[in-house]
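This report refers to the structure that appears directly beneath it.
Throughout, read-outs are computed from the coordinates displayed, never taken from laboratory work. The structure presented is a predicted model; accordingly, all values stated were derived computationally and were not measured. Cβ sites come from the backbone with ideal geometry, for glycine too, and all protein chains shown count toward neighbours.
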Ligand code: FES
Ligand SMILES: [Fe+2]
């Protein structure tokens, strides 16, 4: 038994205003606690509705460390069920996606379930007569998660039966998702192909924190972005010659500190926040013929311009996804263990927009997020060095105090200098809050 | 000048050896300027442009990738990765005058520090005879377990 076993308050104490204890990254008991409390009480991303377009379509994934199935029960009704047979525990689906028809059928003893999880039939059912099976959880069918919300096509789940509402949890941060979806002239996204899947030997939180770490690109990515700039200069192309696509995507990583300071960071309550309030590395992408016209037709010129002028860079949705509105991407940082994380990077098509936009997001995905990406290699090296370095005894705290202000209040939205680490502190504030959520709820009930 | 089947096969063996020995300047010189190195993400993927791939790189990206390996601040290459190809005798699938297609099964091993990974893959080469020399017009590498979660793949199969 470890010092944190079953003690979320002890884990919550690992967070201080300017630093966090290394055990939040490396201790397996703290990891178990965050799965049980943080991931169970928060609203966690599951998948996109276009991954299960037809009745009976399913998609298997994880919410925290819990295997779940997103399944379309009715044309307008998506359910999220635990991927476990209520009989003896067999996983109901093993492939990542498919269509189950009208019902799920367990491959072990053929118990079957409707696509909302309800028990449908058991072979040789008379063997259970008079045994009271119907009064047990097993007799009810496949268990559903606590709550599901479909927000403009993005499916989120809360494992806990009771808890914070979707609206309260996300609040105004939904403006980033709105902007991403509004970029479709039809207000609709569709997933494109399977995600990239990239295995990191580090804690999931390091990856999430990196999404708003604006002081690393010009350093850690000098090897890739810096070399790109150098090679381009050596080519000596005239100013107006078309640039190699790599220059548009990778070179902005070399922007100077002032660029990142000026781009700004906004934080929202419950651990959400984004970089790129004023501009971002996505601001100067070349215009794609026909796109603005299609947007203006739907929204009118003024509104279309407002939608496209938003250049939010990375929006973190606590606990574990990041979206990039201007290029329709979502990265899911799926925890596997204290020191294991799979990053799944999805791209979406803007329904009604020219194909070139899909081509650009596909290019960004392979250049930046792939296990074969030189930019990805730069980042992974840093995370894994940190995961190993944190085992040094006698220096047990991780510093997060860049541009720290006195008495920061994370329950208020704030916009600050783009190099602040406030969003990291905001995430840990939310981490602490949801770590203690069950305890606080119990106390309030007792009062 | 005409090219024999054996010359095509030797070309594929020579290319694998260049990559294993890190002779990248020579390797880049094998390519035609508008060639692409494609590594699909999806099994039997047909579209390199409008879907995510692992790689779909033009000469600028390939040069960048190779140049980066030796950069003073390329921390993910300190220490350097090494790779090793074991290839089966290439199939010569097409010989059409000055253009050729080969198909080669291989086991590719990449290693760095204490980690080593093995990938089973198939490489399709589109080759062309230009000014008396064989060159790579395009190369497509399909990884058998393309849908698995990968660790870094830093060198080129
Ligand atoms: S384990 Fe599923 S029916 Fe028995
Ligand atoms: Fe990075």
Quick note on A:23, B:131, A:65, ordering by fewest other C-beta atoms within 10 Å, gives B:131, A:65, A:23
Please order A:184, B:53 by the number of other Cβ within 10 Å, starting at the fewest.
A:184, B:53
Could you tell me the distance between the Cα centroids of the stretch A:106-122 and the stretch A:282-301, to the nearest Å?
48
How many nm is it between the label spots at residue A:50 and residue B:133, if each spot is 7 Å from the Cα in line with the beta carbon?
4.5
Answer rounded, prolate or oblate for the stretch A:240-311, using the Cα gyration tensor with square roots of eigenvalues a ≥ b ≥ c: rounded when a/c is under 1.5, else prolate when a/b is larger than b/c, else oblate.
oblate
For residues of A:196-205, the mean tally of beta carbons on other chains within 10 Å
3
Could you tell me the relative contact order of chain A? Use alpha-carbon pairs under 8 Å, at least six residues apart, and round to a whole percent.
21
Hey, what angle do you get for helix A:355-364 against the long axis of chain A, alpha-carbon based, 0 to 90 degrees rounded to 10?
90
Among B:120, B:46, B:128, determine the one that fluctuates most according to a GNM of chain B built with springs between C-alpha atoms less than 10 Å apart.
B:46
Over all directions, how big on average is the projection of the convex hull of the alpha-carbon atoms in chain B, in square nanometres?
9.5
Quick calc: nm separation of the 7 Å Cα→Cβ label points for residue B:95 and residue B:109 -> 3.4
Where both partners of a DSSP beta bridge lie in the protein assembly as shown, what percent of those bridges are antiparallel, to the nearest 5?
95
Can you classify the protein assembly as shown as rounded, prolate or oblate using the Cα gyration tensor, where a ≥ b ≥ c are the square roots of its eigenvalues, rounded means a/c under 1.5, and otherwise it's prolate if a/b beats b/c and oblate if not?
prolate
Under 10 Å, Cα contacts only: if you run a Gaussian network model on chain B, which one of B:143, B:49, B:12 comes out with the highest mean-square fluctuation?
B:49
Contact order relative to length for chain B, counting C-alpha pairs under 8 Å separated by 6 or more residues, stands in percent at 25
At 222 nm, what value in deg cm²/dmol follows for chain A if DSSP H runs of at least 4 each add -39500 (n - 2.57) and the sum is divided by all its residues, to the nearest 500?
-8000 deg cm²/dmol
With 10 angstrom as the radius, rank A:295, B:59 by how many other C-beta atoms surround their C-beta, starting from the fewest.
B:59, A:295
D (µm²/s, integer) via Stokes-Einstein for the stretch A:172-434, Kirkwood Rh across alpha-carbon pairs, 4 °C, 1.567 mPa s: value 67
Per residue of chain B, what 222 nm ellipticity follows from adding -39500 (n - 2.57) for every DSSP H run with n ≥ 4, rounded to the nearest 500?
-6500 deg cm²/dmol
With just the Cα atoms defining each centre, how far is the stretch B:54-102 from the stretch A:390-447? Give it in Å.
45
Most fluctuating residue given options B:29, B:123, B:72, as computed from a GNM of chain B linking Cα atoms under 10 Å:
B:72
Once a ≥ b ≥ c are taken as the square roots of the eigenvalues of the Cα gyration tensor of the stretch A:199-330, is the result rounded (a/c under 1.5), prolate (a/b larger than b/c) or oblate (a/b not larger than b/c)?
oblate
Between residue A:439 and residue A:216, Cβ-based FRET efficiency (R0 56 Å, step 0.05) works out to 0.95
If R0 is 41 Å, what FRET efficiency do you get for residue B:118 and residue A:235 from their C-beta distance, rounded to 0.05?
0.65
Nearest 10 degrees is fine. How inclined is helix B:59-69 to the longest principal axis of chain B, computing both from alpha carbons?
40
Along the principal axes of its C-alpha atoms, what lengths does the stretch A:45-151 span, in descending order and rounded to whole Å?
44, 26, 23
Assuming 0.36 nm per residue, please report the length gained on full extension of the stretch residue A:136 to residue A:188 beyond their Cα-Cα distance.
14.5 nm
Taking 7 Å along the Cα-to-C-beta vector as the label spot, tell me the residue A:413-residue A:126 distance in nanometres, rounded to one decimal.
6.6
